[in-house]
Amino acid sequence: MDSKSSIITPDNKQFVFTRYLPKSGQTIQYVAGDDGDWEAGWNIGARFITKTISGDDIVIDRATGLMWPRDFAGDGGFSGGLAYWSGGVGWCGGLNFAGFTDWRLPNVRELLSICDYSLGGGGASCWYSIFQNRVPDTWWTSTTQAVTTTNAFIVSGGNGNTALADKDLQKRIFVVRAGCTWK
């Protein structure tokens with residue numbers, strides 16, 4: 001393919017596969033032009049699909065293409081327990097869930113993608129309501145801090161905030177896998 005034919009124009013009609021970023025969940029406009037005014041993001045039918053595969057309930061996020069366990073406290077959520085960061089990374093890599101063995105700890109942006117910012121706060125959970133046993137606790141991500149590699153990012157399930165935590169602390173684990181890969 002020459003460089004001219006690889007340029008996408010109305011004439012050569014090439015298709016671009018894209019995914020929309022998830023909406024934040026803000027629906028109230030506080031100031032003109034804020035997120036509640038635009039409500040930008042996924043708006044093409046149902047964002048989440050639930051399925052049962054090999055007896056395990058999963059959620060497919062059509063906006064990101066990611067697959068998640070449905071239950072935060074089930075097998076894909078370390079049975080609701082706590083883990084050190086390195087132990088959690090290893091556990092995810094060895095998990096056989098819903099017939100798949102390529103589960104991993106999500107990076108910080110992936111985990112934030114399932115936070116609904118219209119929920120949470122005041123002891124409530126910010127995770128989308130499609131998920132079960134949503135706990136407003138702190139969850140490990142696979143994202144290590146570049147400056148201090150003994151720290152990794154965590155996400156608060158109470159308000160969707162991120163912070164850094166020493167990898168020698170115990171936090172909750174939730175796995176993810178690429179549900180749909182485009183090449």
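Exactly one residue out of 125, 142 is among the small types (Gly, Ala, Ser), under 22 Å from residue 64 (Cβ atoms) and at pLDDT 90 or above, and it is 142. Reported count of residues in segment 86-104, each being farther than 12 Å from residue 69 by Cα, within 17 Å of the chain's Cα centre (by Cα) and not in a helix (DSSP H, G or I), is 1.
Give the residues of segment 49-64 that are surrounded by 15 or more Cβ atoms within 10 Å (Cβ to Cβ) and under 17 Å from the mean Cα position of the chain (by Cα), sorted by residue number. Of everything in segment 49-64, those that are surrounded by 15 or more Cβ atoms within 10 Å (Cβ to Cβ) and under 17 Å from the mean Cα position of the chain (by Cα) turn out to be 57, 58, 59, 60, 61, 62, 63, 64. Would segment 127-135 turn up any residue that is free of Cβ contacts under 8 Å to residues at least 40 places away in the same chain, touching a Pro at 6+ places or on another chain (Cβ under 9 Å) and crowded, with 20+ Cβ neighbours inside 10 Å? Checking segment 127-135: not a single residue is free of Cβ contacts under 8 Å to residues at least 40 places away in the same chain, touching a Pro at 6+ places or on another chain (Cβ under 9 Å) and crowded, with 20+ Cβ neighbours inside 10 Å.
The values are calculated or read from the model by the stated rules, or taken from the named source; none is laboratory data. Owing to the predicted nature of the structure, the values given are computational and were not obtained by experimental measurement. Glycine gets a Cβ as well: all are built from the backbone with ideal geometry, and neighbour counts include every protein chain shown.
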